[in-house]
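Below: one structure, written as structure tokens.
The values are calculated or read from the model by the stated rules, or taken from the named source; none is laboratory data. If you're wondering where the values come from, they're calculated on a predicted model, not measured in any experiment. So basically every Cβ, Gly included, is an ideal-geometry build from the backbone, and we count neighbours across all protein chains shown. Note: accessible area is taken over every heavy atom of the protein model, side chains too, but ligands, DNA and RNA are not part of it. Shrake-Rupley method; radii C 1.70, N 1.55, O 1.52, S 1.80 Å.
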Amino acid sequence: MTREDGFSLVEFLLAALITVIIVAGAFELAGPAQQMFQSQPEAADMQQRMRVAVDTLRRDLVMAGAGTYAGTVFGALNNRVASVMPYRAFGDSPDQTRGVFHRTDTISFLYVPSTPSQTQIATALAPGALDPDIEYPPNCPVATSQQLCGFGVDDRVLLVDGSGAWDLYSVGQVSADAVRLQHRGPSSNTSYEAGTAVSEIRAGTYSLKTDVSARTFQLMRHDGWATELPVVDEVVSLEFRYFGSASPPQLTGVALDADRGPWTTYGPAPPPLTISRGSWPAGENCTFAVVEGVHVPRLTALDSNNAALVELTPAMLSDGPWCPDSLSANRFDADLLRVRRIGVSLRVQSALASLRGPAGTFFMRGGTARAGERFLPDLLVRFDVTPRNLNLAR
């Protein structure tokens, strides 16, 4: 009697058991590998988004306050106007026209770029007028049919006077002897005197867009005119803090009727004692009052321990006194002229809900991950920006 070769039942079961063990081990190794394949690129993307956000914010904020350096009006912008504002300061419906003067997740900025387009108006400009007669100092390029003193179509233009009144325009039309401006938002209620500074300007607003239903969390940038675009996605938290000079502005000793300043350590100079501007009594403005015939700071000292900088609270930045006065459509709190440093806090999350755990310490917006080994925590960065033009020697 012969016997056919083959496997016994015991051998078959043993082989099957070995196969199951090997396959299970392979899956056990494949799971972490798959998780790593998914999480590592996302971690790199989070770091890149954070890097772009930080670099973009720093680039604009460090320039805040850069003023005119050619033409007939010199100096950093905060000698006249707030260069950073904690709200939406531009567009068709700016916050200040609606009585909103502080948002923790919003900042607007102003600075004069490197440009020859710096001059002043030759004759007074009535409220709402859009056809300024500008002077032509030596720094202006030769006029052409396309530009006047360097101003070309679509350039942003800032008018700001010695009282702190300001308006933002865009160049609509230009010729070799005239420029026509455009204005957004409510019409200007300011009458600008001859000698008001005119320059090309960079303006913008950064803010946080949060739309939970659409799962949209973005750092946004408004161009200071009409366009708002996302800078970085998956930004779930944005906060700005402000630190400013504890000392109030002081007069420098330069006669207030002199042609050149600086007349104050910061902020707009008060008018001579016999002259009234806006709704202020004679000799006064948003930064200086008159006591017994002498100019004294209207702003108070914020620290009795001689600290260089103190944190400016939301209440300080939204309670006045108002520059140029309380009636101006573009009024701003005089304490904004103190700002010397800006603290920024950014939080970026994973775009994949499968890598985010329950909302809490590690995740501002919860996801679907339940196992700790699958967590990719939010990335939080805090940094300070010191605008160099707001920290010039004084």
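Tabulated values for the structure
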read-out: Accessible surface of the stretch 140-217, 1.4 Å probe, proportion on carbon and sulfur as whole %; value: 44 percent
read-out: Alpha carbon centroid spacing (whole Å) that separates the stretch 359-374 from the stretch 33-95; value: 29 Å
read-out: Computed magnitude of the charge dipole of the chain (debye, nearest 20; Cβ of K, R +1, Cβ of D, E -1); value: 520 debye
read-out: Amide proton proximity set for Gly204, modelled H, under 5 Å, gap of 5+; value: Phe109
read-out: Separation between Cα centres of the stretch 145-167 and the stretch 127-141, rounded to whole Å; value: 7 Å
read-out: Helix 9-61 vs. the chain, principal-axis angle (Cα, 0 to 90°, nearest 10); value: 0 degrees
read-out: Loop sites in the stretch 186-277: trypsin sites (Lys or Arg not before Pro), DSSP, at most 16 other Cβ within 10 Å; value: Arg215, Arg260
read-out: Percent carbon-and-sulfur accessible area, the stretch 241-391, ignoring ligands, DNA and RNA, probe 1.4 Å; value: 53 percent
read-out: Helix-only [θ]222 nm of the chain, DSSP H runs n ≥ 4, -39500 (n - 2.57) each, per residue, nearest 500; value: -5000 deg cm²/dmol
read-out: Descending Cα extents along the principal axes, the stretch 310-394, whole Å; value: 57, 32, 20
read-out: Integer Hz, Karplus 6.51/-1.76/1.60 couplings in order for the stretch 349-357, x for Gly and Pro; value: 10, 5, 6, 9, 4, 5, 10, 10, x
read-out: Solvent-accessible area, 1.4 Å probe, carbon plus sulfur percent, for the stretch 48-114; value: 49 percent
read-out: Estimated inter-spin distance, Asp131 and Asp303, nm [label 7 Å along Cα→Cβ]; value: 5.3 nm
read-out: Residues of the chain: accessible area per residue with a 1.4 Å probe, Å²; value: 49 Å²
read-out: Residue-wise HN-Hα coupling along the stretch 81-89, computed from phi with Karplus coefficients 6.51, -1.76, 1.60 (Hz; x: Gly, Pro); value: 9, 5, 8, 10, 9, x, 6, 7, 9
read-out: Distance between modelled label sites at Arg59 and Arg184, nm, 7 Å Cα→Cβ extension; value: 2.0 nm
read-out: Matching label, percent of Cα pairs over 37 Å apart computed from the structure shown, candidates (i) 39; (ii) 36; (iii) 30; value: (ii)
read-out: Residues whose placed amide H lies under 5 Å from that of Thr106, excluding near-sequence neighbours; value: Phe240
read-out: Space enclosed by the convex hull of the alpha-carbon atoms of the stretch 79-231, per residue, Å³; value: 120 Å³
read-out: The stretch 184-343 - Rg (one decimal) and Dmax (whole number), Cα, Å; value: 19.2, 61
